[in-house]
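Asks: Take a look at this one; I'll ask things after.
Coordinate-derived values only; no laboratory data. Since the structure is predicted, the reported quantities are computational estimates derived from the model, not experimental observations. Cβ placement follows ideal geometry from the backbone for every residue including glycine, while neighbour counts extend to all protein chains displayed.
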Amino acid sequence: MSDAVRPTLAASAAVFRDGRVLLARRGAHPGAGLWSLPGGRVEPGETLAEAARREVWEEVRVEADILALATALDVIIRDRDGVLKAHFVVAAHAALWRAGEPQTGPEAAEVGWFAPADVAALATTSGLAPVVDAAARLLACRAGATPTSA
């Protein structure tokens, strides 16, 4: 393991609108070309929810109401020889769309709204489908509905 690599705290949000989740195809590394949730590093003095809200706005220009932490995910990146290159601890939130139409930019080469059941068939960052499922279940429980498999 490389002594220079330390875990980086990040936050993301599964933003739902009319039963669909907002995804962005990453325009930069890590994960360039893969679909993912908008998210990024937590800045000093920010709460996890504040960071998630800010990252959604910065990446795709959507305002979201962050409702709850859905799950945490370790993103560990190694080179072909197994040398650790990066380690992100991502606090993924469940959120609802408030305003704005998603836009592309340097970090989001493409954006779209997807049915949660369709996420597993996409080329995504590692572990995305279970994160979306956890967020969808959390929102269904908060709404008083019986959660179903996405």
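Asks: Hey, can you rank 36-47, 126-137 by average C-beta count inside 10 Å, highest first?
Replies: Working: 36-47: 17.6, 126-137: 20.7.
By packing density, highest mean first, the sequence is 126-137, 36-47.
Asks: Helix-only estimate, please: 222 nm mean residue ellipticity of the chain, summing -39500 (n - 2.57) across DSSP H runs of length 4 or more and dividing by its residues, to the nearest 500.
Replies: Details: 2 runs with 28 residues, N = 150.
That comes out to -6000 deg cm²/dmol.
Asks: By the gyration tensor of its Cα atoms, with a ≥ b ≥ c the square roots of the eigenvalues, what is the shape of segment 1-57: rounded for a/c under 1.5, prolate for a/b over b/c, or oblate? Could you put the intermediate results ahead of the total?
Replies: Numbers: a/c = 2.82, a/b = 1.37, b/c = 2.06.
It comes out oblate by the Cα gyration axes.
Asks: What dipole magnitude, in Debye to the nearest 20, does the chain give about its Cα centre under +1 on Lys/Arg Cβ and -1 on Asp/Glu Cβ? Walk me through the intermediate numbers first.
Replies: Values: 15 positive and 18 negative charges, 41 e Å.
Dipole of the chain, to the nearest 20 debye: 200 debye.
Asks: Between the helical axis of 48-60 and the dominant principal axis of the chain, each derived from Cα atoms, what acute angle in degrees is found, rounded to the nearest 10?
Replies: Relative to the chain, helix 48-60 is tipped by roughly 90 degrees.
Asks: Sorted from largest down, what three extents in whole angstroms do the Cα atoms of the chain have along their principal axes?
Replies: 46, 30, 27
Asks: Can I ask one more? Taking Cα pairs under 8 Å and at least six residues apart, what relative contact order does segment 41-150 come out at, in percent? Intermediate results must be reported in sequence, preceding the final value.
Replies: Working: 150 pairs, mean separation 25.6, N = 110.
Once normalised by length, the contact order is 23 percent.
Asks: Quick one: work out the % antiparallel among DSSP beta bridges in the chain, nearest 5.
Replies: On the way: 27 of 37 bridges.
Here the share of antiparallel DSSP bridges comes out near 75 percent.
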